[in-house]
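Here the structure is laid out as structure tokens; the discussion comes afterwards.
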Amino acid sequence: MTGLPPGPRLPALLQTVLWAAAPARFGKVCLRRYGPLFTTRILGFGTVVYISTPDGIRRILRDDADNFDAAAANESIRFVVGEHSLLMSDGPAHTDRRRALMRPLHGENVAAYVEVMVSIVEQEVRRWQEGATVRLLDCFQRVTIEVMIRAVFGITDSARLDRLRVLVPRLLDLNPLIILLPVMRRSFGGFGPWTAFQRILREVDEIIFAEIRERRAALAADPGRRGPDVLSHLLAGQDRVPATDREVRDHLVTLLAVGQETAATQLAWFFERVLRTPGALAQVRDAVRDEDWKVLDAAIHESIRVRPTTLDIGRIALGPWESDGYVFPAGTMFAVSLGLLHLSEDLHEDPETYSIERFHPVEPPSAHFLPFGGGNHRCLGASLAIVEMRTVISTILRHVRLGVRRAAPERVVPKGPMLVPRRGAEVVVVHNQLTAPSPGRR
Ligand code: HEM
């Protein structure tokens, strides 16, 4: 079949507005109307073909991955993550960069971060007064930045940490205009979003380069003093040729860009869903008490399925590619839609409902649930993300009882590249062991 699959006939500007205002709803309406393969026109990206069948997704991400370019689909964020980023490469260069980051993000290295994660969460929870209303998303933003800069980067200098706490949220709160419209990436007489962004980026880079220089010198003086963190591993260059300062900087900023807000937002959705599903909180509390990680992981996976922050993964066809009777020409841009896969009525019964039983005791087929993508570009931080979510959730539930302020579910709203709960996962602190006076003092 020649041509592209059908899709909305609305002008590109209108499609872009609908997509930007409510990407999940836009996708679902198109899916219902045109099926799992449909064509859209989004300003800044051009013609984009959505695909959400398990077979199509598997072929693009794994079987036919050599025919697809991931880096070109990430072009719009090159100015943040830098040219040496994993996100900017494919083929052997990508394999080499992945190898550099693999070890510190897996196995015992990730386990080594747990202790500091617990202390970070407890520090946050100490601020929660009984009876107070807390926006969990804001708290988790602080927690996940802290995990990244202290545990994953291994920074200890308090002045640098203080400055990064302020700068990282500003750096990642990118103005969509400079992502979608390259013409906006210039200064307007010393003003405008690009100038503001450049100022923040320069300061973040200065801090990171200073840290790299210092740690390189310390490592040269005493190679045995290497920590488990990513930065130490990159500087030691154990798994490959030692990286240059610029390469190391690009790796760290990439981890910030893809690993901080995703974890914070998924944590917020976890509590938003669990607190509004009868029986779920009790089940999760029991799992934490019994250290039954299978049930807790099931609860975590189900929250990622029903409220994904990463809806789509971009890929561009390098040569003609055939699927479902269509021959897509080279250059076709695909949105591999994990969001639509996870909410498909054909694959998941009653897909809008949160149910831990969906993942426990029997998990759905792996092709029906790919929260971390698949193939060569599968999320490198998947183990860290799950350990981080487990640690944050269990630490909170060991100390605190939470309730909801309003029973109605929070609406899904876009905030930058994320889909967040409209009120930031608002909860009431019913009891807090870490701040409540001890019984003797009451
Ligand atoms: C629950 C939280 C997270 C979710 C749902 C998530 C999801 C994803 C997905 C779907 C991809 C695949 C992109 C593609 O195929 O193009 C990805 C890539 C990636 N993620 Fe995550 N992620 C999460 C947390 C993290 C964390 C905490 C880190 C690091 C500390 C991280 C690091 C990365 C990296 C480095 C890549 C790029 C891999 C590559 O291109 O080879 N992610 N993530």
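The figures follow:
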quantity	calculated
Scan of the range 161-179 for residues that are open to solvent by 40 Å² or more (accessible area, probe 1.4 Å) and in a helix (DSSP H, G or I), ordered by number	Asp162, Arg163, Arg165, Val166, Pro169, Arg170, Pro176, Leu177
Conditions (1) more than 16 Å from the ligand (Cβ to nearest atom); (2) surrounded by 13 or more Cβ atoms within 10 Å (Cβ to Cβ); (3) modelled with pLDDT of 90 or more; (4) not charged (D, E, K, R); number of the one not met by Pro242	(3)
Positions within the range 328-350 being part of a loop (DSSP other than H, G, I, E, B) and buried (at least 17 other Cβ atoms within 10 Å of the Cβ), in sequence order	Thr332, Leu343, Ser344, Leu347, His348
Helices (runs of 4 or more DSSP H) contained in the range 88-158 and holding at least 3 residues among the acidic types (Asp, Glu)	114-125
Qualifying positions in the range 80-114 - more than 12 Å from the ligand (Cβ to nearest atom) and open to solvent by 40 Å² or more (accessible area, probe 1.4 Å)	Glu83, His84, Pro92, Arg103, Gly107, Glu108, Ala111, Ala112, Val114
Candidates Ala385, Ala408, Ala367 - the one that is within 16 Å of the ligand (Cβ to nearest atom) and either of a type in the set (D, E, K, R) or in contact with a Lys or Arg (Cβ under 9 Å, 6 or more places away or on another chain) (or both)	Ala367
Options Leu231, Leu235, Leu252: the member that is touching a Pro at 6+ places or on another chain (Cβ under 9 Å), assigned to a helix (DSSP H, G or I) and open to solvent by less than 10 Å² (accessible area, probe 1.4 Å)	Leu231
Qualifying residue in the range 303-326 (condition: at pLDDT 95 or above, assigned to a loop (DSSP other than H, G, I, E, B), open to solvent by 20 Å² or more (accessible area, probe 1.4 Å) and more than 16 Å from the ligand (Cβ to nearest atom))	yes
Total residues in the range 278-293, condition outside any helix (DSSP H, G or I) and more than 27 Å from the chain's Cα centre (by Cα)	3
Flag if His360 is touching a residue at least 12 places away in the same chain (Cβ under 8 Å) and more than 28 Å from Arg406 (Cβ to Cβ)	yes
Test: Tyr50 is of a type in the set (Phe, Trp, Tyr), surrounded by 21 or more Cβ atoms within 10 Å (Cβ to Cβ) and under 23 Å from Ile386 (Cα atoms)	no
Pairs, first under 16 Å from Val413 (Cβ atoms) and more than 10 Å from the ligand (Cβ to nearest atom) in the range 250-276, second open to solvent by less than 20 Å² (accessible area, probe 1.4 Å) and among the hydrophobic types (A, V, I, L, M, F, W, C), C-beta under 6 Å, six or more apart	Ala268/Leu136; Ala268/Leu137; Ala268/Phe140; Ala268/Ala425; Glu272/Ala425
Condition broken by Arg41, with the remaining ones in (1) touching a residue at least 60 places away in the same chain (Cβ under 8 Å); (2) open to solvent by 40 Å² or more (accessible area, probe 1.4 Å); (3) away from the ligand (no atom under 14 Å from the Cβ); (4) not in a helix (DSSP H, G or I) satisfied	(1)
The range 1-38, residues that are touching a Leu at 6+ places or on another chain (Cβ under 8 Å), farther than 23 Å from Pro176 by Cα and buried (at least 20 other Cβ atoms within 10 Å of the Cβ)	Leu31, Pro36, Phe38
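The values are calculated or read from the model by the stated rules, or taken from the named source; none is laboratory data. Everything quoted here is computed from the prediction, not taken from an experiment. With ideal geometry, Cβ positions are generated from the backbone for all residues, glycine too; neighbour counts draw on all protein chains shown. For accessibility, only protein heavy atoms count, side chains too; no ligands or nucleic acids. Shrake-Rupley method; radii C 1.70, N 1.55, O 1.52, S 1.80 Å.
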